[in-house]
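*Asks:* This is the structure, below, for whatever I ask next.
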Amino acid sequence: DIMKYCKKRNIFAERKRAFIALISILIIGAVTLSIAISSAILAVGQGRNGLLAQNLTEAKSLANACAEKALMDLKDNESYSGNETINLGSGQCQIDQIENLGGQARMVKITGKANQVTKKIEINVNQINPTMTFTSWLEVDNF
């Protein structure tokens, strides 16, 4: 009788330990899976942010390059009117129609685009010759 009792008790103890081990493995597995999923989501988000930052930098560089071109063309020819699109690398920039504000004053508007990202620059030229001077050179959201 005592042997049966001891064996029965030993089986219950083993089952209890096995149940505790199984539950522990399930909890550890769930925590590990949660960490892995969180890491993957963060990596994707960081990748997107990095690509966005790269596109923003490229769009701004394109806009600045077009601005420099527009200003050089304006310096060479005061009647330069802009109104052109320039493809550079994987992006492009647009020089809008240059507004004559009277005398040598001009408003130059530039848009740089890189992979769906747009940067706009608005330049208020005060004087073209003999030395070009600016009232403002601003990055704007819209014209």
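*Asks:* Using every Cα-Cα pair within the chain, state what percent have a distance larger than 23 Å.
*Replies:* On the way: 5940 of 10153 pairs.
So the portion of pairs separated by more than 23 Å is 59 percent.
*Asks:* Then there is this: Residue 26: accessible area at probe 1.4 Å, nearest 10 Å²?
*Replies:* Result for residue 26: roughly 110 Å² accessible.
*Asks:* Kindly rank 39-49, 116-126 from highest to lowest mean number of other beta carbons found within 10 Å of each residue. Write down the numbers at each step before the final one.
*Replies:* Working: 39-49: 10.0, 116-126: 17.9.
Most protected by this proxy first, the peptides run 116-126, 39-49.
*Asks:* Give me the number: length gained by fully extending residue 75 to residue 105, i.e. 0.36 nm times residue separation minus the C-alpha to C-alpha distance, one decimal in nm. Don't skip to the answer; put the middle values down first.
*Replies:* Details: separation 30, 0.36 × 30 = 10.80 nm, distance 1.20 nm.
In short, 9.6 nm is gained.
*Asks:* What 222 nm value per residue comes from the helices of the chain, counting each DSSP H run with n ≥ 4 as -39,500 (n - 2.57) and dividing by all residues, nearest 500 deg cm²/dmol? Please report the intermediate quantities before stating the final value.
*Replies:* Details: 1 runs with 75 residues, N = 143.
The helix contribution divided over the chain gives -20000 deg cm²/dmol.
*Asks:* If amide H atoms are built 1.01 Å from N in the plane of the peptide, which residues on other chains or at least 5 residues away come under 5 Å of the amide H of residue 82?
*Replies:* It is 98, by chain and number.
*Asks:* Next question. Report the FRET efficiency, 1/(1 + (r/R0)^6), for residue 51 and residue 24, where r is their Cβ-Cβ distance and R0 is 41 Å, rounded to 0.05.
*Replies:* The computed FRET efficiency comes out at 0.50.
*Asks:* Mind checking the full-extension length gain between residue 13 and residue 129? Use 0.36 nm per residue of separation minus the Cα-Cα distance, one decimal, nm. It would help to have the intermediate numbers written out before the result.
*Replies:* On the way: separation 116, 0.36 × 116 = 41.76 nm, distance 9.62 nm.
In short, 32.1 nm is gained.
*Asks:* Moving on. Using each residue's phi in the range 23-34, evaluate 6.51 cos²θ - 1.76 cosθ + 1.60 at θ = phi - 60° and report the 3J(HN,Hα) Karplus result to the nearest Hz, with x for Gly and Pro.
*Replies:* Once θ is set to phi - 60°, the couplings for the range 23-34 become 5, 4, 5, 5, 5, 4, x, 5, 5, 4, 5, 4 Hz.
*Asks:* While we're on this one: Rounded to the nearest whole Å², what accessible area per residue is found for the range 59-143 with the 1.4 Å probe? Walk me through the numbers before you get to the answer.
*Replies:* Working: 4580 Å² over 85 residues.
For the range 59-143, the solvent-accessible area averages 54 Å² per residue.
*Asks:* What list of ³J(HN,Hα) couplings, whole Hz, do you get for the range 72-82 from phi and the Karplus terms 6.51, -1.76, 1.60, once you set θ to phi - 60° and write x for glycine and proline?
*Replies:* 5, 5, 5, 5, 6, 8, 4, 8, 4, 10, x
The values are calculated or read from the model by the stated rules, or taken from the named source; none is laboratory data. In this text, all values refer to a predicted model and were calculated from it rather than measured experimentally. When we count neighbours, we look across all protein chains shown, and the Cβ atoms used for this are built from the backbone with ideal geometry, even at glycine. Surface areas here come from the heavy atoms of the whole protein model, side chains and all, with no ligands, DNA or RNA. Shrake-Rupley method; radii C 1.70, N 1.55, O 1.52, S 1.80 Å.
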